[in-house]
Amino acid sequence: MKKININTQSRSYDVNIGKNVLTKMASELKESDGEVLFICDKNVYDLHREKIISLTDSRKHHLYLFNSSERNKTLKSVELIYKYLKKHNFSRTDKIVAIGGGIVGDIAGYVAATYMRGIQYYQVPTTLLSMVDSSVGGKTGVNFLNVKNLIGSFHQPEKVYIDLAFLSTLPDREIISGAGEIFKYAFLSDEENYLIIRDYLLKILLQRKFHENMISRCIQFKASVVEKDEFEKSGLRKILNLGHTFAHGFESALRFKIKHGEAVIAGVFCSLIISKKIGLITDLELHKFASDFEFLPVNTKVFRVDTENIIRYMKSDKKTSGNRIKLVLVSKPGNVFIDVEVTEKLIKESVVELSELFESV
């Protein structure tokens with residue numbers, strides 16, 4: 001088992017990675033006082049029933065099955081969980097455990113952050129995307145008025161347990177979605193990291209080989225950023241949003257008919273195109289990046305969406321200010337620019353050029 005310690009301003013906690021790490025969590029929870037609510041993705045429960053039942057095998061443990069989708073990531077779903085907690089007399093000394101992907105982690109984390117002004121919660125990510133990104137860092141939230149994560153809070157988990165065995169049952173689209181979130185990390189460090197990430201992603205998509213080292217690499221980088229800028233005040237944490245303003249625009253405009261990581265793939269490539277258009281990278285460099293990652297599939301739904309609609313949702317994104325769209329852009333791996341204001345014209349052109357780019361690589 002590999003252990004990564006994350007030290008933030010509000011809490012220090014461990015991320016435990018490996019096979020069968022859940023036995024450690026189960027033992028810890030059984031020894032603790034108080035009630036525990038396991039909020040579990042229904043699909044995960046169906047696929048890993050015996051494992052989940054073994055975790056919840058205690059009179060103090062409650063199982064709440066959640067139909068995980070962006071459409072259900074709402075205040076209405078939060079309210080139903082509040083009602084369950086109140087009905088079963090949960091107090092501030094009790095705990096919540098999120099078992100599922102990023103949607104379950106976000107909604108369970110938001111409930112934990114707000115119920116009685118905050119109770120402890122544990123993250124058990126079961127998708128590649130949630131393992132490498134959303135389970136750590138403390139961002140929680142729900143969608144509102146079709147805008148991604150418009151309502152939320154910062155609330156760090158008590159601990160994170162990553163069991164690689166969950167990855168064996170992931171469908172292909174979930175693998176691609178996770179690869180999309182890993183993709184952004186290729187541009188956030190240096191050239192060596194860029195090449196390592198590229199090679200890892202090839203093995204993930206072509207051979208379905210998941211490496212503990214790859215997951216820990218992503219988490220360690222994110223931890224190094226979050227520890228310095230937990231609440232996104234200094235601007236450093238914004239680098240983790242590479243491709244995400246575009247991604248949230250794509251997701252909302254398409255009524256969440258594409259996966260988050262699929263939207264991030266398109267978003268990162270659109271950000272690279274804009275980097276080229278404003279002179280941060282050359283046309284040759286753009287084509288090199290596209291060629292290096294041409295094995296990442298771009299969901300063609302993004303080519304058919306109305307760009308005016310994308311822009312409308314991008315302006316609603318919580319990272320914008322004064323109705324101005326600001327992006328994270330790069331000039332080379334590790335050289336990242338935040339809060340770069342771009343025009344609507346550049347946004348529209350980048351979406352059009354995205355389809356043309358992949359016809360030429």
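Within the span defined as the stretch 172-193, one or more residues are farther than 22 Å from Phe250 by Cβ and either open to solvent by less than 20 Å² (accessible area, probe 1.4 Å) or of a type in the set (A, V, I, L, M, F, W, C) (or both).
Can you say whether Lys288 is out of contact with any helix residue (DSSP H, G or I) (no Cβ under 8 Å at 6 or more places or on another chain), closer than 28 Å to Asp199 by Cβ and either surrounded by fewer than 24 Cβ atoms within 10 Å (Cβ to Cβ) or among the charged types (D, E, K, R) (or both), as far as the supplied structure shows? It is true that Lys288 is out of contact with any helix residue (DSSP H, G or I) (no Cβ under 8 Å at 6 or more places or on another chain), closer than 28 Å to Asp199 by Cβ and either surrounded by fewer than 24 Cβ atoms within 10 Å (Cβ to Cβ) or among the charged types (D, E, K, R) (or both).
Against the criterion of being modelled with pLDDT under 95 and either in contact with an Asp or Glu (Cβ under 8 Å, 6 or more places away or on another chain) or of a type outside the set (A, V, I, L, M) (or both), Glu356 qualifies.
Before we move on, is Ser91 out of contact with any strand residue (DSSP E or B) (no Cβ under 8 Å at 6 or more places or on another chain) and at pLDDT 95 or above? Yes.
Taken over the stretch 197-209, the residue count meeting the criterion of being assigned to a helix (DSSP H, G or I) and either surrounded by fewer than 17 Cβ atoms within 10 Å (Cβ to Cβ) or touching a residue at least 40 places away in the same chain (Cβ under 8 Å) (or both) is 9. Note on the stretch 246-274: residues that are under 13 Å from the mean Cα position of the chain (by Cα) and open to solvent by 10 Å² or more (accessible area, probe 1.4 Å) total 4. How do the pairs read when you match residues in the stretch 167-190 that are farther than 29 Å from Asn335 by Cβ and of a type outside the set (Gly, Ala, Ser) with residues anywhere that are assigned to a helix (DSSP H, G or I) and open to solvent by 10 Å² or more (accessible area, probe 1.4 Å), using Cβ under 7 Å and keeping only pairs 6 or more apart or on different chains? If the second residue must be assigned to a helix (DSSP H, G or I) and open to solvent by 10 Å² or more (accessible area, probe 1.4 Å), the pairs left are Thr169/Leu47; Ile175/Leu205.
Summed over the stretch 111-145, residues that are open to solvent by 40 Å² or more (accessible area, probe 1.4 Å) and assigned to a loop (DSSP other than H, G, I, E, B) total 1. Hey, any hits in the stretch 308-322 for a residue that's among the hydrophobic types (A, V, I, L, M, F, W, C), within 21 Å of Leu205 (Cα to Cα) and surrounded by 16 or more Cβ atoms within 10 Å (Cβ to Cβ)? Checking the stretch 308-322: not a single residue is among the hydrophobic types (A, V, I, L, M, F, W, C), within 21 Å of Leu205 (Cα to Cα) and surrounded by 16 or more Cβ atoms within 10 Å (Cβ to Cβ). Condition test on Val104, is it open to solvent by less than 10 Å² (accessible area, probe 1.4 Å) and assigned to a strand (DSSP E or B)? Spelling it out, it is not the case that Val104 is open to solvent by less than 10 Å² (accessible area, probe 1.4 Å) and assigned to a strand (DSSP E or B). Checked against (1) open to solvent by less than 20 Å² (accessible area, probe 1.4 Å); (2) within 29 Å of Tyr200 (Cα to Cα); (3) of a type outside the set (S, T, N, Q), Val97 passes all but condition (2).
The values are calculated or read from the model by the stated rules, or taken from the named source; none is laboratory data. The structure displayed is predicted, hence computed values, not measured ones. Don't worry about glycine lacking a Cβ; one is built from the backbone with ideal geometry, like all the others, and counts go over all protein chains shown. Please note that ligands, DNA and RNA were not included when accessible areas were found on the heavy atoms of the full protein model with its side chains. Shrake-Rupley method; radii C 1.70, N 1.55, O 1.52, S 1.80 Å.
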